[in-house]
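Undergrad: Shown below is the structure under consideration.
We did not get these values from a lab; they are worked out from the coordinates using the rules stated. The model shown is predicted, which means the values in this text are computed figures rather than measured ones. Quick reminder, even Gly has a Cβ in these numbers, built from the backbone with ideal geometry, and neighbours come from all protein chains shown.
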Amino acid sequence: MSTDGAGNGRIAVVTGGGSGLGRAGALALLAAGWSVVVAGRRKDALEETVALARSGPRRIVAVPTDIRSPDQVEALFRNAREHFGRVDLLFNNAGAATARRPVADVPFEDWTRVMDTTVTGTFLCAQEAFRTMRAQSPAGGRIINNGAPSAHSPRPNSIAYTTAKHAVLGLTRALALDGRRFGIACGQIDVGNVAPVDGSPQPPAMQADGSMAVEATIPVERFTEALLLMASMPLDTNVQSLTVLPTTMPFIGRG
């Protein structure tokens, strides 16, 4: 489908677009002129994102997708190509987290759920984006992976999440290297504590010494500003890594 009249003609795919940072990112991209395909497992949540966008199908479409499934991920990108003609950006946002537990108490099911979604799902979406961006004309595009401060420094009792986010960092670096000759840029955004959008109080978090503390937060707009900065760069420029977090949040050394 032609993208004439559809914003700035740039097309983004956003995973985990039914809530949280995925929804915020999708809406911010739309406001900046992008057309967006939102993906996620919950059809009702995706439709709520579409309703919040107040845009027609020429600007935003929802494609229910379980990113752990190669067939569903392939169908997601096929839908994006058929509807908008190309893909210029993948915001690889979807992931999974579990309750924090000591290493000895982590259920195998929790480990596999986090790995299957955060690592395998991120890879499958990046792979299909890479295939699409390499083959389209003009070729190229940008992949932004949603990492976390835990991709660099762990919190206590978070071995599955920390391991998964370290793997995402490896994926980001490998994609950045392998994408060079195809005009595909890949970077990672690591976001600290974002204030709950419903206004609820920030729960306390375990510190490196085992104590609990309520940490500072930033409004979600600080995240979307950083995402749009990365997305707006020409393809000859890559923001390889961007960390945005409250100034007083424990990160370097985790306090």
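Undergrad: Can you give the calculated 222 nm mean residue ellipticity of the chain, where each DSSP H run of n ≥ 4 adds -39,500 (n - 2.57) and the sum is split over every residue, rounded to the nearest 500 deg cm²/dmol?
TA: -11500 deg cm²/dmol
Undergrad: Okay, moving on. Helix 220-232 against the longest principal axis of the chain: what's the angle in degrees, Cα atoms only, rounded to the nearest 10?
TA: Roughly 40 degrees, rounded to the nearest 10.
Undergrad: Taking amide H positions as placed in the peptide plane 1.01 Å from N, state which residues far from Val194 in sequence (5 or more) or on other chains have amide H under 5 Å from it.
TA: For Val194, the qualifying residues are Ile218.
Undergrad: What are the ³J(HN,Hα) values, in whole Hz, obtained from phi via the Karplus relation 6.51 cos²θ - 1.76 cosθ + 1.60 with θ = phi - 60°, for each residue of the range 48-65 in sequence order, with x given for Gly and Pro?
TA: So the J values, rounded to whole Hz, are 5, 4, 4, 5, 5, 5, 6, 10, x, x, 6, 10, 8, 9, 10, 10, x, 8.
Undergrad: For the range 85-190, divide the Cα radius of gyration by the Kirkwood radius and give the resulting Rg/Rh value with two decimals.
TA: Checking Rg against Rh, the ratio lands at 1.05.
Undergrad: So for Trp111, Trp34, fewest C-beta neighbours within 10 Å to most, what's the order?
TA: With the fewest neighbours first, Trp111, Trp34 line up as Trp111, Trp34.
Undergrad: On each of the three principal axes of the Cα atoms of the range 200-255, give max minus min coordinate, whole Å, ordered largest first.
TA: 45, 27, 13
Undergrad: Using modelled amide H (1.01 Å from N, peptide plane; none on Pro or chain starts), what sits under 5 Å from the amide H of Ile60, excluding residues fewer than 5 places away?
TA: Correct list: Val36.
Undergrad: Pick from Phe108, Phe77, Phe91: which is most flexible by mean-square fluctuation in a GNM of the chain where alpha carbon atoms under 10 Å apart are linked?
TA: It is Phe108.
Undergrad: For the chain, what's the relative contact order in percent, using C-alpha pairs closer than 8 Å and at least 6 residues apart?
TA: Across the chain, relative contact order equals 16 percent.
Undergrad: Which residue, chosen from Ile143, Gly20, Leu169, occupies the Cα position most advanced towards the positive end of the dipole of the chain, where the dipole is computed from +1 (Lys, Arg) and -1 (Asp, Glu) charges on Cβ about the Cα centre?
TA: About the Cα centre, the residue reaching furthest to the positive side is Ile143.
Undergrad: Comparing Val197, Val239, Val106, which has the greatest mean-square fluctuation in the GNM of the chain with Cα pairs linked when under 10 Å apart?
TA: With Cα springs under 10 Å in the chain, the top fluctuation among Val197, Val239, Val106 is at Val197.
Undergrad: Could you work out how far helix 70-84 tilts from the main Cα principal axis of the chain, as a 0 to 90 degree angle to the nearest 10?
TA: With both axes taken from Cα atoms, the answer is about 50 degrees.
Undergrad: Please get the size of the charge dipole for the range 105-176, origin at its Cα centre, with Cβ charges of +1 on Lys and Arg and -1 on Asp and Glu, quoted in debye to the nearest 20.
TA: 420
Undergrad: Let me ask something else. Restricting to the range 11-254, what percent of DSSP beta bridges are antiparallel, rounded to 5? Let's see the in-between values first.
TA: Numbers: 2 of 30 bridges.
The answer is about 5 percent antiparallel.
Undergrad: Now a separate question. I want the local charge near Val37. Using Cβ-Cβ distances under 13 Å, sum +1 for each Lys or Arg and -1 for each Asp or Glu among the other residues.
TA: Surrounding charge for Val37 is +3.
Undergrad: In degrees, nearest 10, range 0 to 90: what is the angle between the Cα axis of helix 122-135 and the longest Cα principal axis of the chain?
TA: So the inclination is approximately 20 degrees.
Undergrad: Here is a follow-up. How large are Rg and Dmax for the chain when calculated on the C-alpha trace, in angstrom?
TA: Calculated on Cα positions, Rg and Dmax stand at 17.8, 56 Å.
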